[in-house]
Amino acid sequence: MSTPPRIRVGVVGGHAARGWARAVHLPALAALPDYEITAIAGTSMESANAAAEVWSAAHAFDDPYALMAHPEVDLVTIAVQLTKRDGLVQAAIAAGKHVYSEWPLALSATIAEDLHTLAEKAAVRHAVGLQSRNHPAIRFLRDLLAEGKAGEVLSASLTYSLATPEVWSHRYAALFDQTKGVNHLAVVGGHSIDMFRSVVGDITELSATLATRLTLITLEETGERIEVTSPDQIAVSGLLESGAAVSVHLMTGGPSGDGFRIEVHGRAGRLVLSSANDSLVGPQFTLHFADGTGAPVELPIPDRYRRVLPDAPPAVHNVHRVYSDLARGIRSGEPIEPDFATAAGTHRILDAIKHAAETGERQRLT
């Protein structure tokens, strides 16, 4: 497929006033000269027309497949939940369109790998919504470790705690169903672990414990109590590809969360990255280093990591970088990250965590 001077984007799941596409994807795209928002598909023609007007898109659809078939669409952004996405990624690929799919990409690593194979065979470029690996502080920490700031890494740990209410809108009921693929392990675990592995490297073997401590939630609209089948406590231990010990504990539930803490112990020092709040995809981070000669010293994030959209919310900044890299990949044909291969790798870790917890057996990944 030839690429015009500006890559024409059709957004599935666009809305004029609310939603992830409205808050993050569309502002990120609008700030990039590489792209033109040409089409939006919504749940009705009324909502699609309203969104198209806000973002100056020429075309509006209530049918995502019609959007994919339109000749003035080069890239399809699929910004709807996995539970509402059945067949959409495959359809975009079959239509010969480049595709950016939100996370989770699929229900399992096997399906994610199949999507990667389909996209590669169709010679379309692909990206996935694991944008937290693009956070300026994450990229800075990754570079520091690669440069040997901490020396040989001995161990690395990730903890994340998230405040979770017990009363929810019915729109979020799938979060608490282990079969839906958008539960805490998939969403919280996927974003957190992918961000972590982008810094410290891949986990090659692991043991895991999953626990569901909040067994009931209340639906706000009706007061109905529904059973929770997905885990809210995720504990993992194992080894990295380097041989360093690794641990992950993701905690959701209760009235107060403390966000992220990544700690890397090395022969030459200790690096600690911590967030200012418990936002999953949009936190601000502070980084400290200690080499044993005094108190930990804060390491400011250099401006070169923030030069793109410095005033944008973190999630918009991070997604903007995914789109920027995707434009480069579309024009050059070279692979970019995070793509469907990235997604398949993260899905493999999540599948291994589930299997380890179910069987009590240590899992080895290649």
Restricting attention to segment 294-334, which residues are of a type in the set (Val, Ile, Thr), farther than 17 Å from Met195 by Cβ and at pLDDT 95 or above?
Val297, Ile330
Residues that are touching a helix residue (DSSP H, G or I) at 6+ places or on another chain (Cβ under 9 Å) and at pLDDT below 90: does segment 156-166 have at least one?
yes
Just to be sure I understand the filter: pairs with C-beta atoms under 8 Å, separated by 6 or more residues or on different chains, first member in segment 323-343 and free of Cβ contacts under 8 Å to residues at least 40 places away in the same chain, second member open to solvent by 20 Å² or more (accessible area, probe 1.4 Å) and assigned to a loop (DSSP other than H, G, I, E, B). Which pairs pass?
Arg328/Glu334
Out of curiosity, is His265 open to solvent by less than 70 Å² (accessible area, probe 1.4 Å) and not small (Gly, Ala, Ser)?
no
Could you tell me whether segment 326-337 includes any residue that is in a helix (DSSP H, G or I) and more than 30 Å from Pro5 (Cβ to Cβ)?
no
Glu358: loosely packed, with under 14 Cβ neighbours inside 10 Å and within 21 Å of Ala186 (Cβ to Cβ), yes or no?
yes
Residues that are open to solvent by 30 Å² or more (accessible area, probe 1.4 Å), at least 2 per element: which strands (runs of 3 or more DSSP E) completely within segment 97-214 meet that?
153-162, 203-211
If I filter segment 214-221 for residues that are of a type in the set (A, V, I, L, M, F, W, C) and either under 24 Å from Pro313 (Cβ atoms) or modelled with pLDDT of 95 or more (or both), do I get at least one hit?
no
Would you mind listing the strands (runs of 3 or more DSSP E) fully within segment 233-292 where at least 2 residues are among the small types (Gly, Ala, Ser)?
233-240, 245-252, 259-266, 269-275
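The values are calculated or read from the model by the stated rules, or taken from the named source; none is laboratory data. This structure is a prediction, so every number in the text was calculated from the model and none was measured. So basically every Cβ, Gly included, is an ideal-geometry build from the backbone, and we count neighbours across all protein chains shown. Note: accessible area is taken over every heavy atom of the protein model, side chains too, but ligands, DNA and RNA are not part of it. Shrake-Rupley method; radii C 1.70, N 1.55, O 1.52, S 1.80 Å.
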